[in-house]
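The values are calculated or read from the model by the stated rules, or taken from the named source; none is laboratory data. Here the structure is a predicted model, which is why all the values come from computation and not from measurement. Here the Cβ positions follow ideal geometry from the backbone for every residue, glycine too, while neighbour counts run over all protein chains shown.
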Amino acid sequence: MDFPFLTLITFIPLVGAIIASLIPGDREREIKWFSVFVSLIPLVLSIVMWALYVQTDGGMQFMEEAVWIPTLNAYYRMGVDGISIPLVFLTTLLTTLSLFYSAYTIKKRVKEFFVLFLMLEMGMIGVFLSLDLVLFYVFWEIGLVPMFLLIGIWGQPKDRPQYSAIKFFLYTLVGSVAMLLAFIAIFLTTGTWNILEISSLGPLADSPALAVAAFWGIFLAFAIKVPMWPFHTWLPDAHTAAPTAGSVILAGVLLKLGGYGFIRILLPFFPALFKQFAPFIGVIALISMIYGALVSMAQWDLKRLIAYSSVSHMGYFTLGLVAAAATLDVSDPLLTSRAIALSGAVLQMFNHGIITGGLFFLVGVIYERTHTRDLKAFGGLSAKLPVYYGVMMMTGLASLGLPGLAGFISELLVFRGAFHIMPTYAIIGVIAIVLTAAYILWKIIQYVFLGEFSEEKWRAIFDPEHWHFSLDMARFEVITMAPLLFFMLLVGVYPAPILNVINAASTAILGSL
Amino acid sequence: MIPLYWWLVVAAALFCIGLYGVLSRKNAIGVLMGIELMLNAVNVNLVAFWRYVTPQTLTGQVFAIFVITVAAAEAAVGLAIIIAAYRRRDTVIVDELDIMRW
Amino acid sequence: MEFFFNLVPLIPLIPLLAFAAIVLFTHRNNRLSSNIAIGGIALSTLVSWGVVLATILAGEHVQVEGWELPIPWLPTGTTVFNTGFAVDGFTAAMLFMVPFVCTMIFIYSQGYMNLGQPNQDPRYARFFAYISLFAAGMLGLVVADNLLLLFISWEVMGLCSYLLIGFWSFRDRDNEQHIDEAQVKRARAAALKAFITTRVGDVLLFSGLALLFSYTGTLTFREIFRPDMLEHLGSISLLGMPAVTVIALLAFGGAVGKSAQFPLHVWLPDAMEGPTPVSALIHAATMVAAGVYLVARMLPLFVAGFETANAPALQWVAVIGAITAFFGATIGLAQDDIKRVLAYSTISQLGYMMMGLGLGSLVAGIFHLLTHAFFKALLFLGSGSVIHGMEHGHHAAGAHGQTSQHDDGFSANDMKTMGGLRHKMPRTFWPYMAGTLALVGIVPFAGFWSKDEILAEAFQRWQESGALGLPFWVWLAGTLGALITALYMGRQIALVFWGEPRHEAATHAHESPNSMTGPLMVLAVFALIGGLANAPFLGSPLHHFMGGVHEASEVVHSATVSFNFAVAGLSTVVALLGLLGGWAIYRNYRAGEVEPFQRWLGPIFTLLRNKYYVDELYQLVIIRPVVWLADQVFNFDNRWVVDPLVNLVGAVGRAAADISLLFDKVAVDSGLVEGTAKAFNAFGGWLRQTQTGRVQNYLLVVAVTVLMLLGLYLYL
């Protein structure tokens, strides 16, 4: 252990939050730009870390370990592998962009917002880095509180922010409690909280009933977070109510916590049980995919539509995960297919963060101008806001999986793996692809951008008094979107830099089950 | 030579006069003056005991000087409090300064 | 000459860069933008032709085995997926046609979009960006050495078709005159329809691709088509069929969507809502050709399934092709829109290509693809020129104050408003005639040779099998289709170019600029002589050039069909009859008359005019139920079951909380807790009486206490 990358990445936001909370509340400019600056440090560190990460080895690197709570045998253990690196990078990137965007758009209670956001970042990064169940759980819960407040305080009053915030909080907490019980059961039989060690021990092997209970307990926590059907209804409410930056982080990172948990904890702890229940979970994945897409298609609220599309897109992730878990065979053609499916699932998480994060920013763009998200209120905006149209088009196309953009690569990998391991599921799953194209193009592009532009309708929703930037996307909005667009294109055209680390890690994880 | 108990009687009388003043005066300044009397009664005692009981050491005298100093400080603080109370409540009658009641 | 192969990646890259350059930098400068686009595609054409020449000179080893450039791209598990480029005879043949036709269309577009005119299209630069991307997609598809790159290019084209068909789907500023509201709506719907319909096919192709990738671990054509790989695929059973057949059928599903075969043909006629050069681009050089190209490229898979297990993948291609060829042609008879007639003609001709491929003959299908690209591009550009002339005539008529009473419904595309244009637009008329003759299949025009080869192939298969099997029906559909094709083309040219002008716009129509008629003439030359590329009396050069590309798979064999005078003669006679018949019937058609076909065919004509009601059927059977289902699922989610359940759990929790609260308040709180508190409270209330707040009282207490203590001390 030479340079404590992981500790720094995790706790610099916390230090920043403390310092920011000491700045007098009326110096909003300083608070905003200080927070943005602080969030840049973990971003830079995570890029450096990615560059230093040895890609040929799929295992944990940059490990740190220290005794934390001796009576509990809990350690401060951290480490990254190819699964967590892209997700940490995603977190730091989206946080920086969200803070940057919020610096222009948040008007009330500025100090609290930025302080909470930095604390949220710490919680999220901590989950991706911790290798100790206690630490994992602590970070998992830490993230809840700032998000709860972000939704509740900065939510749009007409979207019932308190209801949504409480729903989000309680829903997640139910899962957390189940998970905690399972963790304790595991600790009592293995005597350690070390995630890697437990993975190699195979916990609860001698008490199958308890193992099943623990499996479903942990499953519930992660399934709620992902979210899988039918545990998804907190998502549209939370998304709709949250401020733009909150939605971005919610979709971009918080959902990934659940996905990451599946790969880091549930799959290695209980590979045999996962295999046993794979057909069932696969059905849930398919339902999430198709059901989410259908419900998206029925929406007239732009933000709610994108929220439901997250359910659908995270269904692809689950399908990839299930395909990777549906067999324990590590002989070559199957291992390759499983690794491809798992890599696809991880890449799908990354892509979903980039793309859906972008979509939520774009909803923010139009919402800040018009204060409505009703699809019927728009129309013909492509003439009025051509840059916005172009950016939305590209992001939407990435979301519907157009080859050449990010979404396609992960979908391809997921289906490539799934078609080999569980072909029936894959065949049903492709229906979702058509539906996705339908709701993106029909609902978003057509209702918002195409058709006749009506000056009258526009004047009813747009009040130039309240908008001080340019009518088309302002410079800060373009700057916010630019990195996301870049990654959509990069991953779509040349995914190797990202996929190399993911692939090495997923091969290693599956090989060691 | 005057016997010790004469001094003690004087001091006791002085103390009682002071105590009476403290308990019965309506004016806060009067109360303060009563306290001064009580302190001085103590001083008389201290000096008297020093002279008659332990003339070799200076303890009694030193104590008396301490008491005088403390009395001066006490008078200053007490007057300041009274002035502050007067400014705020427009009175120095202690019966009226009863905001701590119940 | 081998040097040129190294430039292959540039072929799709140059138009792609042109697209990027226009979008990012030059979109404010219209003339520069279109020049970049045209320059890009022209450069790409030069490189392509260099590659074609190199392939010709390199001889058989390149034409058959191909030249390859693999590029490691995607780490997949323990392996790495390669993408890359490849050139063989087949690719070279496509490379000859695609960029060249694109170049012609690009040049034409400059005139069509009125560069420098007052009515120049407000999104002129964007148009050229899109068509550059379109061309890049098609070229990428052609030079791809693997199915994935092909699929990526395929989807890029799908996107471009969406953008271009919907090009007029929104209004920019108020000064856009030639776009009416109805057209905006139609364009919007058409673009969506095109994308979603082809997406259905794309998803099938995507599934096929994923399956193929799963079973073979590679998508590179050369490796998939190795005999052992095909055998391996044939031995896996999937859904009761050999996997190879399933994959082939799924891939064919993609082709059906892209090449507008029945039953996914519905998007193509609507795609006419885009600007005419786009129609030409979609119908000739790109997009629809992609589907045929895909089937041709994957032919070993189709054939392998056919041969190993007698599975019907290949037959399906022929059947769908024959149905489409006949069915598309009949609809063409009853359309009034000049471009829609051509659109159905394209559907029908694509059916011919599929027929050719479905009979197992790579060269016949591709030969028709190549010649068709030239003459269909010609016809579309010609129709665009006619429409352009009519629009100008309409404006001119408006300027002269001669607006007619039914002017509101005027459509520059309606053939019934045209008439007698051969005198007004001679430089459009003659190339258009060349295109018509080529399409109908009159000797020695290009279409004759290519269509004849397909029919001869079918005829020969029929003769070999001797029964009235599939080849016979294919041949019959083809021949009948040829008759109907000739009929509707006769009707079209008679309505457009002969007779009297039936509208002021036609009276005032005038010839289009040189940038438009120039490409027409160039293409007309190819429509005339293009057939020589594979003419039997020259020894079928194309056959030798690209016939062998699938030899390595050991399942596809190239055998020339000898020229059959009976077949050729019959189809020529049929074509002449149809053309002259259609022309004679419609030559003297006057405005407002019930047209002859309608008079004779009655309800059948109505059926044809409404395209067999397929659109309505889909609306009823697919679109409405899906939208309905979406709404119901949403209700299920939000209103009926899932979310109410969540809220119910919340409500139960709250109710339980309320009950506990009640218990807590009554028993625990007021009894125990508050009782204790009350007792203390009462005691305190009594005790506080001592607190008078008077310092002297307190002091008195102190003094008394001291005295009492003193007394106690002294007397006890």
So A:V501, is it more than 21 Å from A:I106 (Cβ to Cβ), buried (at least 17 other Cβ atoms within 10 Å of the Cβ), within 14 Å of chain C (Cβ to nearest Cβ) and at pLDDT 90 or above = no
Of A:Y291, A:Y308, A:Y316, which residue is within 18 Å of A:I409 (Cβ to Cβ) and within 14 Å of another protein chain (Cβ to nearest Cβ)?
-> A:Y316
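Yes/no matrix, rows are residues, columns are (1) within 14 Å of another protein chain (Cβ to nearest Cβ); (2) in a helix (DSSP H, G or I); (3) out of contact with any helix residue (DSSP H, G or I) (no Cβ under 9 Å at 6 or more places or on another chain); (4) among the small types (G, A, S):
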{"position": "C:A18", "(1), (2), (3), (4)": "no, yes, no, yes"}
{"position": "C:R28", "(1), (2), (3), (4)": "yes, no, no, no"}
{"position": "C:S33", "(1), (2), (3), (4)": "no, yes, no, yes"}
{"position": "C:A37", "(1), (2), (3), (4)": "no, yes, no, yes"}
{"position": "C:W49", "(1), (2), (3), (4)": "no, yes, no, no"}
{"position": "C:N82", "(1), (2), (3), (4)": "yes, no, yes, no"}
{"position": "C:F96", "(1), (2), (3), (4)": "no, yes, no, no"}
{"position": "C:M104", "(1), (2), (3), (4)": "no, yes, no, no"}
Just one of A:A432, A:A438 is in contact (Cβ under 8 Å) with a residue 60 or more places away in the chain, at the interface with chain C (Cβ under 7 Å from one of its Cβ atoms) and not in a strand (DSSP E or B); which is it?
-> A:A438
Number of positions in segment B:50-74 that are touching a helix residue (DSSP H, G or I) at 6+ places or on another chain (Cβ under 8 Å) and small (G, A, S) | 3
What number of residues within segment C:575-604 satisfy the criterion of being aliphatic (A, V, I, L, M) and not in a helix (DSSP H, G or I)?
-> 2
How many of the residues making up segment A:213-234 are away from every other protein chain (no Cβ under 13 Å) and closer than 11 Å to A:G175 by Cα?
-> 9
Scan of segment B:26-72 for residues that are within 30 Å of B:L97 (Cα to Cα), surrounded by 14 or more Cβ atoms within 10 Å (Cβ to Cβ) and without any contact (Cβ under 8 Å) to a residue 40 or more places away in the chain, ordered by number = B:G30, B:M33, B:G34, B:E36, B:L37, B:M38, B:L39, B:N40, B:A41, B:V42, B:V67, B:A71
Do we have any residue at all in segment C:61-79 that's surrounded by fewer than 22 Cβ atoms within 10 Å (Cβ to Cβ), more than 30 Å from C:G217 (Cβ to Cβ) and either within 14 Å of chain A (Cβ to nearest Cβ) or hydrophobic (A, V, I, L, M, F, W, C) (or both)?
-> no
Which of the residues belonging to segment C:654-695 are of a type in the set (S, T, Y) and either part of a helix (DSSP H, G or I) or more than 14 Å from chain B (Cβ to nearest Cβ) (or both)?
-> C:S660, C:S670, C:T676, C:T690
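One line per residue, one yes/no per condition, for (1) hydrophobic (A, V, I, L, M, F, W, C); (2) touching a strand residue (DSSP E or B) at 6+ places or on another chain (Cβ under 6 Å); (3) surrounded by 15 or more Cβ atoms within 10 Å (Cβ to Cβ); (4) over 25 Å from C:W475 (Cα atoms):
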site: C:P541; (1), (2), (3), (4): no, no, no, no
site: C:G547; (1), (2), (3), (4): no, no, yes, no
site: C:A575; (1), (2), (3), (4): yes, no, yes, no
site: C:N588; (1), (2), (3), (4): no, no, no, yes
Among the residues of segment A:398-419, count how many are assigned to a helix (DSSP H, G or I), at the interface with chain C (Cβ under 9 Å from one of its Cβ atoms), under 20 Å from the mean Cα position of the chain (by Cα) and of a type outside the set (A, V, I, L, M, F, W, C).
-> 1
For segment A:60-75, state whether one or more residues are at pLDDT 90 or above and polar (S, T, N, Q).
-> no
Identify all residues within segment B:65-102 that are of a type in the set (K, R) and part of a loop (DSSP other than H, G, I, E, B); write none if there are none.
-> B:R101
Sort out which residues of segment C:278-313 are over 18 Å from the mean Cα position of the chain (by Cα), at pLDDT below 80, hydrophobic (A, V, I, L, M, F, W, C) and buried (at least 24 other Cβ atoms within 10 Å of the Cβ), and write them in order of number.
-> C:A304, C:A313
Matching entry among C:L205, C:L249 (being surrounded by 24 or more Cβ atoms within 10 Å (Cβ to Cβ), of a type in the set (A, V, I, L, M, F, W, C), within 14 Å of chain A (Cβ to nearest Cβ) and assigned to a helix (DSSP H, G or I)) | C:L205
Check off (1) within 10 Å of another protein chain (Cβ to nearest Cβ); (2) surrounded by 14 or more Cβ atoms within 10 Å (Cβ to Cβ); (3) among the aliphatic types (A, V, I, L, M) for C:L608 and give me the number that stays unchecked.
-> (1)
Could you tell me whether any residue of segment A:356-379 is within 10 Å of chain C (Cβ to nearest Cβ) and over 19 Å from the mean Cα position of the chain (by Cα)?
-> yes
Does at least one position in segment A:187-200 carry a residue that is at pLDDT below 90, within 13 Å of another protein chain (Cβ to nearest Cβ) and not in a helix (DSSP H, G or I)?
-> no
Restricting to helices (runs of 4 or more DSSP H) lying wholly in segment A:275-384: which have 2 or more residues that are modelled with pLDDT of 90 or more, closer than 19 Å to A:G252 by Cβ and aliphatic (A, V, I, L, M)?
-> A:302-325, A:332-370
Boolean, A:K384 is farther than 22 Å from A:V226 by Cα and either surrounded by 23 or more Cβ atoms within 10 Å (Cβ to Cβ) or within 11 Å of chain C (Cβ to nearest Cβ) (or both) = yes
Residues in segment C:115-128: is at least one over 30 Å from C:L204 (Cβ atoms), in a helix (DSSP H, G or I), free of Cβ contacts under 8 Å to residues at least 12 places away in the same chain and over 26 Å from the mean Cα position of the chain (by Cα)?
-> no
Filter segment A:147-180 for residues that are closer than 13 Å to A:G246 by Cβ and under 16 Å from the mean Cα position of the chain (by Cα) and give the result.
-> A:M147, A:F168
Considering only segment A:270-288, state which residues are among the aliphatic types (A, V, I, L, M), away from chain C (no Cβ under 14 Å) and either at positive phi or surrounded by fewer than 24 Cβ atoms within 10 Å (Cβ to Cβ) (or both).
-> A:A272, A:L273, A:A278, A:I281, A:V283
